[in-house]
Amino acid sequence: MGLLGRSRRKGIPNEPGLLAAAAENPGGSVAEIDPTYIDDPNGYVPPEAIRGAWVVDGSGKLTGEYQQNPRHGVPQDDFSKLTDPDHWLGWLGDDPARAVREGIEESLRAQVADAVVEWVKVLETPRFLTGGRPRSEDEQVIQVTRAALAVPFALSVRTTQHGRSVLLGGSPGRR
């Protein structure tokens, strides 16, 4: 997780849920999730929604040490796993991340008209498929005939009727 800023807090919290989680993670840590950004701490939690973590000793008890998360704050889009691989995405336009985000938003708004996507995170390197055939006049040039993309993602969407939901998916896009 890369949490920095270890410090001692006054006293060890006496919250039953936190103590139970510590008992299940001897030698590890227990994250403190910010409910401002995440309603269900048992689902996907973006790194920015973690305030910090309590250090747990080898017997499953809180040590009193707390590691603050320097990245804590409003979750942001993260499309780096989409755009970092050296794969041609020209069929998505000049901004592949925007094209994928807009495709997801469009799909959600087709289901609920007032859906607002708060953030999108690409969780794994997408699967790419690009097919083509040589152009008859120049065998060195390939004409793309099909392209597909499967993007494993997590996102937060808010609607008037349903509030916030964190969704996981594998957005297959094809053109």
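The values are calculated or read from the model by the stated rules, or taken from the named source; none is laboratory data. Here the structure is a predicted model, which is why all the values come from computation and not from measurement. Cβ: placed from backbone, ideal geometry, glycine included. Neighbour counts: every protein chain shown. Remember, those area values only see protein heavy atoms, side chains included, never the ligands or the DNA or RNA. Shrake-Rupley method; radii C 1.70, N 1.55, O 1.52, S 1.80 Å.
Residue check: is residue 135 over 22 Å from the mean Cα position of the chain (by Cα) and more than 21 Å from residue 163 (Cβ to Cβ)? Criteria met by residue 135.
Do you know which residues across the range 14-59 are over 24 Å from residue 164 (Cα atoms), of a type in the set (Gly, Ala, Ser) and out of contact with any Asp or Glu (no Cβ under 8 Å at 6 or more places or on another chain)? Listed by number, the residues that qualify are 20, 21, 22, 23, 28, 29, 58, 59. In the range 92-121, the residues that are over 11 Å from residue 158 (Cα atoms) reach residues that are exposed (fewer than 13 other Cβ atoms within 10 Å of the Cβ) with C-beta atoms within less than 9 angstrom, at least six apart or across chains, in these pairs: 92/175; 96/90; 97/80; 99/93. The condition of being loosely packed, with under 12 Cβ neighbours inside 10 Å and at pLDDT 95 or above holds for only one of 134, 47, 70, that being 70.
So, in the range 80-129, of the ones that are outside any strand (DSSP E or B), farther than 19 Å from residue 164 by Cα and among the charged types (D, E, K, R), which residue ends up least open to solvent (accessible area, probe 1.4 Å)? Looking at the filtered set, the residue picked out is 95. Looking at the range 16-38, can you tell me whether even one residue there is open to solvent by less than 40 Å² (accessible area, probe 1.4 Å) and among the charged types (D, E, K, R)? Scanning the range 16-38 turns up at least one residue that is open to solvent by less than 40 Å² (accessible area, probe 1.4 Å) and among the charged types (D, E, K, R). Report yes if residue 54 is of a type in the set (Phe, Trp, Tyr), within 30 Å of residue 147 (Cβ to Cβ) and surrounded by 14 or more Cβ atoms within 10 Å (Cβ to Cβ), otherwise no. Answer is no for this residue. Here the condition is being more than 25 Å from residue 168 (Cα to Cα) and part of a loop (DSSP other than H, G, I, E, B); of 58, 43, 64, 73, it holds for 58 alone.
Condition check for residue 156 on (1) open to solvent by 50 Å² or more (accessible area, probe 1.4 Å); (2) polar (S, T, N, Q); (3) touching a strand residue (DSSP E or B) at 6+ places or on another chain (Cβ under 7 Å): one failure, at (1).
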